[in-house]
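Chemist: Let me give you the structure first, and then I'll get to my questions.
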Ligand SMILES: NC(=O)c1ccc[n+]([C@@H]2O[C@H](COP(=O)([O-])OP(=O)(O)OC[C@H]3O[C@@H](n4cnc5c(N)ncnc54)[C@H](OP(=O)(O)O)[C@@H]3O)[C@@H](O)[C@H]2O)c1
């Protein structure tokens, strides 16, 4: 299984740290090119490889850690998705108010899914502030929870397994419709950090 992280800002950088510390290999790309990623790669114990965006979009699992409004532009160089898994870590936020964007009642992940036709989309890594996501998921005997949801049960299993490999505790909320009022920006699970007790 190959993984890539698209975006090297707050969330992309936090994920890069978790991949590196958990010993999971990943490609990483941003809008400015691999030469701008030497710091992240240098701190990754050899786990991260900086590549051009088009190459990163070819991974089995592609994690989108870019602004919601940038998703279409970020993925436009992808070849056929062919059932590959896309992880939507974005939040649809209206700036500068920092309020949920008005999506006319639609789930933001359904809008992301339209940009990646043929991919199986799972929402994950969007609920924790970046600094919390970057930090050690283990607190004493407890483990930080990462929520996920998506319409394809097998894709959810793939991402649950990745979350577990990154040393978090996955909590599967079911389909995108089921998670809409829990995991989308503005919902109760976005912001707080939950710990699963041993
Ligand atoms: N920050 C948080 O605490 C937090 C928490 C949960 C969820 N989120 C969500 O996570 C996503 C990323 O947030 P962030 O705070 O990490 O943002 P950020 O720090 O501004 O980083 C955004 C990253 O996206 C990349 N990017 C933008 N347009 C791109 C394009 N067309 N192609 C490729 N890469 C592109 C940027 O590339 P360059 O580096 O080349 O500019 C940058 O690395 C957002 O949707 C946000 O709502 C953020």
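Chemist: Please go through segment 52-75 and give me each residue that is under 20 Å from residue 101 (Cα atoms), touching a helix residue (DSSP H, G or I) at 6+ places or on another chain (Cβ under 8 Å) and more than 6 Å from the ligand (Cβ to nearest atom), ordered by number.
Modeler: Once the filter is applied, which keeps residues that are under 20 Å from residue 101 (Cα atoms), touching a helix residue (DSSP H, G or I) at 6+ places or on another chain (Cβ under 8 Å) and more than 6 Å from the ligand (Cβ to nearest atom), segment 52-75 yields 64, 71, 72.
Chemist: From the list 192, 117, which residue is within 14 Å of the ligand (Cβ to nearest atom), outside any strand (DSSP E or B) and either exposed (fewer than 14 other Cβ atoms within 10 Å of the Cβ) or at pLDDT below 95 (or both)?
Modeler: 192
Chemist: Which ones in segment 91-114 are out of contact with any strand residue (DSSP E or B) (no Cβ under 6 Å at 6 or more places or on another chain), under 20 Å from residue 179 (Cα atoms) and in a loop (DSSP other than H, G, I, E, B)?
Modeler: Passing the criteria: 91, 92, 102, 103, 104, 105, 106, 107.
Chemist: Quickly run through segment 58-75 and pick out the residues that are assigned to a helix (DSSP H, G or I) and touching a strand residue (DSSP E or B) at 6+ places or on another chain (Cβ under 8 Å).
Modeler: 68, 71, 74, 75
Chemist: To continue, here is another question. Taking the residues in segment 1-28 that are surrounded by fewer than 22 Cβ atoms within 10 Å (Cβ to Cβ) and assigned to a loop (DSSP other than H, G, I, E, B) as candidates, determine which candidate is nearest to the ligand (Cβ to nearest atom).
Modeler: For segment 1-28, the residue satisfying everything is 9.
Condition check ((1) touching a strand residue (DSSP E or B) at 6+ places or on another chain (Cβ under 6 Å); (2) without any contact (Cβ under 8 Å) to a residue 40 or more places away in the chain; (3) within 14 Å of the ligand (Cβ to nearest atom)) across all residues:
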position: 129; (1), (2), (3): no, no, yes
position: 134; (1), (2), (3): no, no, yes
position: 137; (1), (2), (3): yes, no, no
position: 149; (1), (2), (3): yes, no, no
position: 154; (1), (2), (3): no, yes, no
position: 157; (1), (2), (3): no, yes, no
position: 167; (1), (2), (3): no, no, no
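Chemist: I want to confirm something. Restricting to segment 29-57 and keeping residues that are in a loop (DSSP other than H, G, I, E, B) and in contact (Cβ under 8 Å) with a residue 40 or more places away in the chain, which single residue is surrounded by the fewest Cβ atoms within 10 Å (Cβ to Cβ)?
Modeler: Per the criteria, the residue is 31.
Chemist: Which residue out of 124, 101, 92 is crowded, with 22+ Cβ neighbours inside 10 Å and over 22 Å from residue 157 (Cβ atoms)?
Modeler: After applying the criteria, what remains is 92.
The values are calculated or read from the model by the stated rules, or taken from the named source; none is laboratory data. Everything numeric in this text was worked out from a predicted model, so none of it was measured. With ideal geometry, Cβ positions are generated from the backbone for all residues, glycine too; neighbour counts draw on all protein chains shown.
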